[in-house]
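The values are calculated or read from the model by the stated rules, or taken from the named source; none is laboratory data. Quick caveat: nothing in here was measured; it's all calculated off a predicted structure. Every residue, glycine among them, receives a Cβ derived from its backbone with ideal geometry; neighbour counts consider all protein chains shown. Each accessible area value is taken on the protein alone, full model and side chains, heavy atoms only, with ligands, DNA and RNA left out. Shrake-Rupley method; radii C 1.70, N 1.55, O 1.52, S 1.80 Å.
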Amino acid sequence: MSDDEINLAELSDEELVLQMHDDLYDGLKEEIEEGVNILIERGWTPYDTLTKALVAGMTIVGADFRDGILFVPEVLLAANAMKAGMHILKPLLAETGAPRMGKMVIGTVKGDIHDIGKNLVAMMMEGAGFEVLDLGINNSVEKYLEALEAEKPDILGMSALLTTTMPYMKVVIDTMKEKGLREDYRAGGWCALERRIWQSHRCRRLLPRCGRGRGNRQAVCGAQAQPAGRLSSHCRFTSQTPGHRARGFRFAPWHLPRLTPN
């Protein structure tokens with residue numbers, strides 16, 4: 001080991017957590033795995049390791065992405081490092097009965113094969129304590145409805161990148177209305193106004209389930225329907241009307257409010 005290398009095992013708990021934040025920021029997968037294992041060996045609970053070392057570190061990444069300091073390739077490196085830590089923690093979280101915030105079904109809509117944003121959202125939702133069923137890409141309305149029927153999720157997430165596939169979100173929503181399911185869900189975020197489905201270039205729509213003993217809960221991103229030009233501080237999207245330049249809003253999926261178990 002060279003003089004400038006850091007021996008993680010020699011750091012105090014506080015120093016190790018801060019170092020893990022730095023390693024996560026730099027996308028250092030092996031260092032994150034080592035740090036997670038050290039904290040678990042020292043008696044940290046899987047839940048504390050997840051929230052204080054990984055999620056807290058990813059929050060820093062999200063803030064710098066929001067402010068234009070980091071860009072998508074760097075965020076993906078950080079996300080890959082966090083995923084490595086999550087791989088160690090997931091079975092331990094299941095064994096220890098860590099608090100569950102709810103269940104989410106998420107997938108990219110029919111005709112769209114883009115999944116980077118969806119994968120980031122799914123990973124951060126897992127980090128926030130949600131059980132996540134990822135349907136993958138190119139999902140038809142029938143597949144969404146089958147998942148809703150089988151899983152009874154608290155949240156339905158639809159992802160789309162292309163202007164040609166974004167209107168398919170409305171197909172799903174209209175079908176939910178026909179089936180009598182729409183009243184169980186509330187829309188939040190930049191696409192909460194349905195006309196935004198055609199106006200936005202890039203958008204993720206989160207539809208949390210409300211009622212049924214769970215209270216009238218807002219979207220997980222913390223945003224509510226806003227007039228044109230206004231965004232919640234918890235939900236940022238890149239928006240582009242055809243023929244116009246991007247308006248500079250970016251989605252930061254890790255900007256999640258602190259939630260408490262039901």
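Here is how the numbers come out for the structure above:
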item: Dipole magnitude of segment 2-115 about its Cα centre (Cβ charges: Lys, Arg +1; Asp, Glu -1), debye to nearest 20; result: 1080
item: Cα-projected label distance for GLU142 with ILE69, points at 7 Å along beta-carbon direction, nm; result: 4.9
item: Isotropically averaged projected area of segment 37-76, using the convex hull of Cα atoms (one quarter of hull area), nm²; result: 3.1
item: For peptides 169-177, 86-94, 114-122, sequence by mean Cβ density within 10 Å, most packed first; result: 114-122, 169-177, 86-94
item: Loop-located chymotrypsin sites (Phe, Trp or Tyr not before Pro) in segment 1-89 whose Cβ has at most 11 other Cβ within 10 Å (DSSP); result: PHE71
item: Sulfur and carbon atoms: percent of accessible area, segment 1-68 [1.4 Å]; result: 45
item: Reach of LYS52 by Cα under 16 Å, taken over lysines that are not fewer than 8 positions away in the same chain; result: LYS83, LYS90
item: Sum of side-chain charges, GLU146 neighbourhood, beta-carbon under 13 Å (Lys, Arg +1; Asp, Glu -1); result: 0
item: 18 Å Cα-Cα reach of LYS152 towards lysines, excluding residues that sit fewer than 8 places from it in its own chain; result: LYS103, LYS143, LYS177, LYS179
item: Charge tally in the Cβ shell below 14 Å around GLU14, where Lys, Arg are +1 and Asp, Glu are -1, GLU14 excluded; result: -3
